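The values are calculated or read from the model by the stated rules, or taken from the named source; none is laboratory data. Since we're looking at a predicted model, the values are computed, not measured. Please note: Cβ atoms are built from the backbone with ideal geometry, for glycine as well, and neighbour counts cover all protein chains shown. We work out accessible area using only protein heavy atoms, side chains counted, and drop any ligands, DNA or RNA first. Shrake-Rupley method; radii C 1.70, N 1.55, O 1.52, S 1.80 Å.
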Amino acid sequence: MAIACDLIISAAMTQPISMPLWAFVLIVLFAAVTFASHFLFPSVRWFFRKRAERVIARVNERLQRPIEPFKLARRYDMIQRLIYDPEITEAIVEHAREFDVPENVAFEQAKKYAREIVPSFSATAYFTIGTRLAKWLSRAFYRIRLGTFDRDALEALDADATVIFVMNHRSNMDYVLVTYLVSRAGALSYAVGEWARVWPLSSMIRMMGAYFIRRRSRGQLYRRVLARYVQMATQGGVTQAMFPEGGLSLTGAVGEPKLGLLNYIVSSYKPEGRDVIFVPVGLNYDRVFEDRFLVAAHESGKRKFRPPFMTVIHGIWTYLLDRVTKRTRGFGTASVGFGKPLHLSAFSGDDLDAKTEAIAAELMDRVRAVVPVLATPLIAHVLVTDGASSRSALADGVRARLEMLKSKDMPLPRKEVGALVEDTLKPLLARGFVVEKDGEISIQPEGAGVVAYYANTIAHHFSASAK
């Protein structure tokens, strides 16, 4: 009987069965996914992980400041570490109590913020794509000049300290330019505004190590999550770059600092821990892409200067056509100056707000001191301040200012004054900001705001001299 049963079962197991095609496809698909997840994906991940480790090892050999382990942590692990941090747990409980919601709802909200903020740094993307693209774009649009730069002081910085580059914000090219110029020093982590949270730009920016911030958010839970991430990155030694003005300058002048990110860093600093060193950076351009939009936003009183899409396309097309036909050589000079480093350990006191304000004021003074003096801002300052109405008057004004700046021991335009005036007037005349008739030069009403914008970028150098 048992033998008969075995024969029946054996015969049944070899009998063909019929099923719908869709069911067969699902079975094959599930089998493929199971095989991939258990056998293929781990092998692929291992292959790419080993390849990434080799890339990082090679990169670290030539960097002054090797990439920090904190920056190399997996994004998922970093998010988990952030949302389970004791300070965030406390913030979640407070949020749930304040808004009368379950703690699991508040937890999910904090997790959403963490996913929004935490980057997914890729050394391969940063050093094989990002820095090369930054170099190409910088050189394609500008002649790059290094301003004030104390190489010995910067190379002598404590290798274990967290270095934070603090910069004035003139253009969206600032990110590109500084990334290119400090690419041999280390990998920068930027705080990026909401303008970049669009696909696929957001993914690329995260891979470059940037983290997103909501500049207008007033939610306490969000600020606690952001603050804790910045503090963890700083304590982990991540090299950072920040724009304390909080946005592009609408007037051209270096603005007053916003204390949010700086306050997060100062509040978590421990004298017995890792030192924090701020490096002031001053940027200036002969021309920025956004000048008309920034001036218009300033005049309207509304910080809305996103140009229409077709305007951007037309501008890019016109520029490329002019480069091909050699009618333009770019947008002039872009220059970056590096100031005297400021050690957080040099500041003491229990009043957090007073300490943060003192550090911010000192940093912005040092930033202003190293903002480069370029030809277009120089000519603009003479036009606005002296009311120069001829080329000879412009030349006299330029000479007088160059003489005033000699005592500051800062790099100045290298051209002979006559050639400088000649070459700088051409684009101003071509753009219709100034007109020249019968040897008389005057600023056009529609160009007054833009000319004043460029003059403001270096006005502080001369007000300091007057004092």
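Could you give the length gained by full extension between ALA31 and PHE149, i.e. 0.36 nm per residue of separation minus their alpha carbon distance, to one decimal place?
Extra length available between ALA31 and PHE149 comes to 36.4 nm.
Which cross-chain or sequence-distant (5 or more) residues have an amide H under 5 Å from the amide H of PHE165, H modelled 1.01 Å from N in plane?
Correct list: GLN240, ALA241, MET242, VAL279.
Given a 1.4 angstrom probe, what's the average accessible area per residue across the range 354-437, in square angstrom?
45
What nm value, rounded to one decimal, do you get for the distance between GLU94 and ALA73 when each label is placed 7 Å out toward the C-beta?
About 2.2 nm, to one decimal.
Let me know the charge dipole size of the range 375-433 about its Cα centre in debye, to the nearest 20, where only the beta-carbon of Lys, Arg (+1) and Asp, Glu (-1) is charged.
In total the dipole reaches around 120 debye.
Can you work out the FRET efficiency for the pair PHE347 and TYR84, with r the C-beta to C-beta distance and R0 = 41 Å, to the nearest 0.05?
With a Förster radius of 41 Å, E is 0.80.
Of LYS71/LYS258; LYS112/LYS302; LYS406/LYS426; LYS270/LYS355; LYS112/LYS270; LYS258/LYS355, which sit over 21 Å apart, Cα to Cα?
Violating the 21 Å limit, Cα to Cα: LYS71/LYS258; LYS112/LYS302; LYS406/LYS426; LYS112/LYS270.
Relative contact order of the range 98-227: what whole-number percent is it, with Cα pairs under 8 angstrom and at least 6 residues apart?
44
Subtract the Cα-Cα distance of ARG391 and SER442 from 0.36 nm times their separation in residues, and report this length gain in nm to one decimal.
So the extension gain works out to 17.3 nm.
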